[in-house]
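No value in this document is a laboratory result; all are computed from the given coordinates. Everything numeric in this text was worked out from a predicted model, so none of it was measured. Cβ placement follows ideal geometry from the backbone for every residue including glycine, while neighbour counts extend to all protein chains displayed.
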Amino acid sequence: MRVRLGDVLVRLGVLTESQREAVVEAQATSGRPFGVLAEELFGVSSRDVERAWASQYTELTGRVSIPASPAEPEVLSAIERRQAWQFQILPLRREGRELIVATTERALPRAMRFAGWAIPHSCSFVIATDRDMARGLDKAYPMAGGRQAIGEDRLSA
């Protein structure tokens, strides 16, 4: 089942159904990306488009559980402790030449931008809950005040 960005934006209350249909019609004639058209036609913020895109990605891929034991040191060395906490990114393992990293739905857009310029490997992202991510970061990259840095209120399931 395909999850459409417009449906996610409607579910989040960012667009109405009629606005979604107007964007779909504009997209059919222009071939331009849905999010760009939603921004231009209805003033949807790029932040809302990113939030909807992250939700769409999570629905397509599902959530994973962070393993109880941290990854091998070689895998963890792909990023620094501060970066892991700041960008909510946790390297899990290598699969061939690709690095599999976990992040949260909320942090996905920012984590992907960070990985694109800072990690010299192709990365595939999996989504974890905020709580699992905090636990995984605590184990892999212990840091005094790490959980406070990401906000205890964000550690809901």
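Below are the figures for this structure:
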| read-out | value |
| --- | --- |
| Degrees separating the helix 130-140 axis from the principal Cα axis of the chain, which is the longest one | 30 degrees |
| 0 to 90° range, to nearest 10: angle between helix 17-30 axis and the chain longest Cα axis | 90 degrees |
| Whole-number D in µm² s⁻¹ for the chain, Kirkwood Cα-pair radius fed into Stokes-Einstein, 4 °C, 1.567 mPa s | 77 µm²/s |
| Modelled FRET efficiency - R0 30 Å, Ser77 with Ala144, Cβ distances, 0.05 increments | 0.90 |
| Mean ellipticity per residue at 222 nm, deg cm²/dmol - from DSSP H runs of n ≥ 4 across the chain, formula -39500 (n - 2.57) | -15500 deg cm²/dmol |
| Nearest-20 debye value, the range 5-61 charge dipole, Cβ charges on Lys, Arg, Asp, Glu | 120 debye |
